[in-house]
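Participant: Dropping a structure here in structure tokens format, bear with me for questions.
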Amino acid sequence: MLRDELKRKLRQYKKLETSIRFGSRPQEDRQLVWREFFCDKDGVDPAPRYPLDRLLGMAVDQLQAVFDEYFYRVYYEYYRENGMTHNALYDPRLLSLLGLTAGAGPDEVKRRFRELAKKYHPDHGGDSDQFVELMDTYTILTRWR
């Protein structure tokens, strides 16, 4: 994908997120997920998760996975901000701490938690700090289930 074409696509995604999440709310209320993921300029601080040069080096299927992750997060934030809950949605940031993708379901979360619990449990030679962080993450993910 060419640089200008990718920049145009990213700007379209920014407008789309604004429309989805904020409609006509005033400018100062806007905290875009887009800023965490992307940037259409070089050398911006803090750096986004997917800088423009990194996106340009990705294959089409990798780009699609990044865009899917982004929109999952946009809709997750939309539901959260509007007081809507959906039992099939998990916080994508917490899922990434477990090494799972944004669309992971309850069975995947449980299976991954068990794998990591065995690895990090202090009784089995694991790191107690990592185990505590894992327990906190899992507790938050399963709180409303």
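Participant: Considering only residues that are closer than 22 Å to PHE37 by Cα and not aliphatic (A, V, I, L, M), which ones fall in the stretch 89-136?
Facilitator: TYR90, ASP91, PRO92, ARG93, SER96, GLY99, THR101, GLY103
Participant: If we only count helices (runs of 4 or more DSSP H) wholly inside the stretch 56-131, which ones have 3 or more residues that are modelled with pLDDT of 85 or more and more than 28 Å from LYS9 (Cβ to Cβ)?
Facilitator: 106-120
Participant: On to the next question. Quick one: which residue in ARG54, ARG114 is charged (D, E, K, R), free of Cβ contacts under 8 Å to residues at least 12 places away in the same chain and over 30 Å from LEU2 (Cα atoms)?
Facilitator: ARG114
Participant: Residue by residue through the stretch 27-55, note down the ones that are modelled with pLDDT of 85 or more and more than 17 Å from LYS14 (Cβ to Cβ).
Facilitator: ASP53, ARG54
The values are calculated or read from the model by the stated rules, or taken from the named source; none is laboratory data. These numbers come from a predicted model, not from an experiment. Every residue, glycine as well, gets a Cβ built from its backbone with ideal geometry; the counts of neighbours run over all protein chains shown.
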